[in-house]
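Take a look at the structure set out below.
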Amino acid sequence: MGKRLTSVLVLHQGAESSLDFFLYSAFNSRQWRPILMDTRQRPPEDLGSQLMQARVVMLVRYWPRGWRWRGWLRQARKMGKRCIYWMDDDLLDIDGYEVLPHKYAQKLRRLAWSQRGTILDWCQELWVSTPVLAERYASLNPEVIPLRPQPRILGQVNSFTIGYHGTASHRHELLWLYPLILMVQERYSHTSVELYGDEEMRRLYGSVPRVRVHHPVPWERYLQLTASQRLDCLLCPLMDNGFNRARAAVKFFDAARLNAVGLYSDRVPYSALVKHGEDGLLLADQRVQWLDAIDRLLNDPEWRERLATTSRRRAHDFVN
């Protein structure tokens, strides 16, 4: 039987970089199993039972605003849990705020400095990110946690870029793409997606990680913005309706200009132009086919480059 992992409840606000740069490695070296809880949300219904099972409670940077979370933190202390406060900036020294932007300084005042006494009364241990912080708070016997980034941080340097460049008339395509993009972003940590859409699409895609939704722009402005842009993959779905049947295959040339491999709906107009597996990919309306195609493009860069190169060469054949 292997050693049972110690559960640590980690109360944070959003995807803190501290987790990837410092804390995950610290948890791993101690054989702690982190259970992340975002204090911007309501506490989960089973928080009481999770608190009973946990041996450690860690507060990352900010004292939560919600009274329920504050109550649970105080309860953890009463229950004799090991209570740790993590700090990777000097959040408790208001004099240092002078150099910060006003809005950010206000946030620190509200969530850290104004709660300084409460935080220090609550925590039994202080973890910090640098020797400078350890020296400033030496009276609290802080522990310096070494900087050890997670592998995925460096892996993101080689990101895989996916685009959908459509106008406001492509609402149905953007709605169809949403579950696909959600699956892609959940499966991979180094894919980024950019779309063009209105406020409805901004709201829809707003919670999907690493997705940017740009406002549609006039054609000449679009050409300027994308003149030096490169994508790995351009999504070109086209739903089957009367309006779309009259469209031309212009996205083929967008893909070529962006040095991207185009993924196209296997119907007119693309089925009459694209040579599947040579200068693009023709796909049915099953999202699993699109997901598999993205997976292969992502994992086979040589094949991806061949498709993109052939696409550019064919596109130039059409130029007057």
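The values are calculated or read from the model by the stated rules, or taken from the named source; none is laboratory data. Because the structure is a prediction, the values reported are computed rather than measured. So basically every Cβ, Gly included, is an ideal-geometry build from the backbone, and we count neighbours across all protein chains shown. What goes into the accessible areas is simple: the full protein's heavy atoms, side chains included, and nothing from ligands, DNA or RNA. Shrake-Rupley method; radii C 1.70, N 1.55, O 1.52, S 1.80 Å.
For the condition open to solvent by 60 Å² or more (accessible area, probe 1.4 Å), within 17 Å of the chain's Cα centre (by Cα) and farther than 23 Å from Arg304 by Cβ, what is the one hit in Arg210, Arg203, Arg245? Give the steps one after another, and end with the answer.
On the way: Arg210 fails: farther than 23 Å from Arg304 by Cβ; Arg245 fails: within 17 Å of the chain's Cα centre (by Cα).
Exactly one of Arg210, Arg203, Arg245 is open to solvent by 60 Å² or more (accessible area, probe 1.4 Å), within 17 Å of the chain's Cα centre (by Cα) and farther than 23 Å from Arg304 by Cβ, namely Arg203.
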When the range 99-108 is examined, which residues are found to be touching a helix residue (DSSP H, G or I) at 6+ places or on another chain (Cβ under 8 Å) and open to solvent by 90 Å² or more (accessible area, probe 1.4 Å)? none
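Yes/no per residue for (1) modelled with pLDDT of 90 or more; (2) surrounded by 12 or more Cβ atoms within 10 Å (Cβ to Cβ); (3) under 25 Å from Ala54 (Cβ atoms):
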position	(1), (2), (3)
Gln75	yes, yes, yes
Ile84	yes, yes, yes
Leu91	yes, yes, yes
Ile119	yes, yes, yes
Gln124	yes, yes, yes
Trp127	yes, yes, yes
Pro131	yes, no, no
Leu147	yes, no, no
Gln150	no, yes, yes
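Would you mind stating whether Gln124 is polar (S, T, N, Q) and within 26 Å of the chain's Cα centre (by Cα)? It would help to see each step written out before you state the result.
Details: polar (S, T, N, Q): yes; within 26 Å of the chain's Cα centre (by Cα): no.
Here the answer is no, as Gln124 does not meet what is asked.
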Given the conditions (1) assigned to a strand (DSSP E or B); (2) buried (at least 22 other Cβ atoms within 10 Å of the Cβ), every one holds for Ser192 apart from (2)
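State the number of residues belonging to the range 230-249 that are of a type outside the set (Lys, Arg) and farther than 13 Å from Tyr164 by Cα. Walk me through how you get there before you give the answer.
In the first step, residues of the range 230-249 are kept if they are of a type outside the set (Lys, Arg); the result is 231-244, 246, 248-249.
Filter once more, keeping what is farther than 13 Å from Tyr164 by Cα: 239-244, 246, 248-249.
Residues flagged as of a type outside the set (Lys, Arg) and farther than 13 Å from Tyr164 by Cα within the range 230-249 amount to 9.
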Which residues, taken from the range 4-51, are of a type in the set (A, V, I, L, M, F, W, C), touching a residue at least 60 places away in the same chain (Cβ under 8 Å) and in a helix (DSSP H, G or I)? Phe21, Phe22, Leu23, Ala26
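Kindly evaluate Leu175 against the criterion of being in contact with a helix residue (DSSP H, G or I) (Cβ under 8 Å, 6 or more places away or on another chain), touching a residue at least 12 places away in the same chain (Cβ under 8 Å), under 27 Å from Phe252 (Cβ atoms) and crowded, with 17+ Cβ neighbours inside 10 Å.
Values: in contact with a helix residue (DSSP H, G or I) (Cβ under 8 Å, 6 or more places away or on another chain): yes; touching a residue at least 12 places away in the same chain (Cβ under 8 Å): yes; under 27 Å from Phe252 (Cβ atoms): yes; crowded, with 17+ Cβ neighbours inside 10 Å: no.
Considered against the rule, which asks whether it is in contact with a helix residue (DSSP H, G or I) (Cβ under 8 Å, 6 or more places away or on another chain), touching a residue at least 12 places away in the same chain (Cβ under 8 Å), under 27 Å from Phe252 (Cβ atoms) and crowded, with 17+ Cβ neighbours inside 10 Å, Leu175 comes out as no.
Any residue at all in the range 53-60 that's open to solvent by 30 Å² or more (accessible area, probe 1.4 Å) and in a loop (DSSP other than H, G, I, E, B)? Break it down stepwise before answering.
Applying the first criterion (open to solvent by 30 Å² or more (accessible area, probe 1.4 Å)) to the range 53-60 yields 53, 55.
Then keep just the ones that are in a loop (DSSP other than H, G, I, E, B); that gives 55.
Yes; the residues of the range 53-60 include at least one that is open to solvent by 30 Å² or more (accessible area, probe 1.4 Å) and in a loop (DSSP other than H, G, I, E, B).
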Single match in Val208, Val157 (criterion: out of contact with any strand residue (DSSP E or B) (no Cβ under 7 Å at 6 or more places or on another chain), over 18 Å from Asp254 (Cβ atoms), in a loop (DSSP other than H, G, I, E, B) and at pLDDT 90 or above): Val208
Which one is nearest to the chain's Cα centre (by Cα) among residues in the range 88-113 that are among the basic types (Lys, Arg) and under 29 Å from Ala26 (Cα atoms)? Lys107
